[in-house]
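Reviewing the structure listed below.
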Amino acid sequence: DLAARADLVFAGDDEAELLGLTGDPAALAGGLAALGAGHAVVKLGGRGAVAAVDGRVHAVDPVPVRAVDPVGAGDAFVAGYLAETLAGRPVPERLATAAACGAFAVTVPGDWEGLPTRDELAAARRELSVARVTTPVRLTPDQEQRLTGSLSRLYGRPMSLQVDLDESLLGKLKRLLG
């Protein structure tokens with residue numbers, strides 16, 4: 001009944017199934033939206049998310065990160081989505097920001113400590129385009145120290161290095177770090 005009165009509904013796939021909905025994530029999102037909201041997002045954790053808005057289905061892949069603590073990831077996801085909704089952004093951008101916020105949240109212990117600022121989100125989009133990595137990357141200790149220092153200055157807090165890089169970004173970093 002609450003879902004029918006909402007403007008926007010967020011649920012995990014397990015929560016959508018509690019409402020008697022079945023099917024793949026797109027069907028679950030469509031089913032939630034059909035309950036009355038017309039706008040629903042199904043969070044899939046490490047499998048991404050799916051939104052059904054005005055009869056269209058949109059999906060986002062997860063942002064691959066090394067998860068430290070999952071607490072707060074869903075809340076961070078919702079916060080990112082709602083912030084972009086209020087800013088008038090299109091659904092694919094809402095989902096991308098939401099996925100990035102959820103990914104940032106799981107990289108540190110605690111439920112809010114990893115939440116990114118808009119500047120951090122922009123820097124992550126600009127500097128570290130997300131790619132699945134199939135080639136291990138080896139940095140010298142000096143390169144690792146310089147990169148960690150750069151990231152700490154960029155994000156305004158101490159950073160440890162746990163980065164997987166694609167080959168094009170690796171080339172840029174090696175040129176930058178010497």
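The values are calculated or read from the model by the stated rules, or taken from the named source; none is laboratory data. Note that this is a predicted model, so its numbers are computed, not measured. Every residue, glycine among them, receives a Cβ derived from its backbone with ideal geometry; neighbour counts consider all protein chains shown. Remember, those area values only see protein heavy atoms, side chains included, never the ligands or the DNA or RNA. Shrake-Rupley method; radii C 1.70, N 1.55, O 1.52, S 1.80 Å.
For segment 48-92, what are the residues that are among the acidic types (D, E) and over 19 Å from A26 (Cβ atoms)?
Residues of segment 48-92 that are among the acidic types (D, E), as a first pass: 54, 61, 69, 75, 84.
Matches in segment 48-92: D69, D75, E84.
Residues in segment 110-145 that are open to solvent by 70 Å² or more (accessible area, probe 1.4 Å), charged (D, E, K, R) and either modelled with pLDDT of 80 or more or in a loop (DSSP other than H, G, I, E, B) (or both): D111, E113, R118, D119, R132, R138. Taken together, A59, A76, A96, A67 contain a single residue that is out of contact with any helix residue (DSSP H, G or I) (no Cβ under 8 Å at 6 or more places or on another chain) and either within 18 Å of W112 (Cα to Cα) or open to solvent by 30 Å² or more (accessible area, probe 1.4 Å) (or both), which is A96.
Put simply, of T85, T107, T148 the only residue that is among the hydroxyl-bearing types (S, T, Y), in a helix (DSSP H, G or I) and at pLDDT 85 or above is T85.
Which residue is surrounded by the fewest Cβ atoms within 10 Å (Cβ to Cβ), if the candidates are limited to segment 2-48 and must be part of a loop (DSSP other than H, G, I, E, B) and at positive phi? Show your work before the answer.
Within segment 2-48, the first condition is being part of a loop (DSSP other than H, G, I, E, B), and the residues that meet it are 6-8, 19-24, 38, 44, 48.
From what's left, at positive phi: 20, 23, 38, 48.
Working: G20: 7, G23: 13, G38: 16, G48: 17.
Only one residue fits best here, namely G20.
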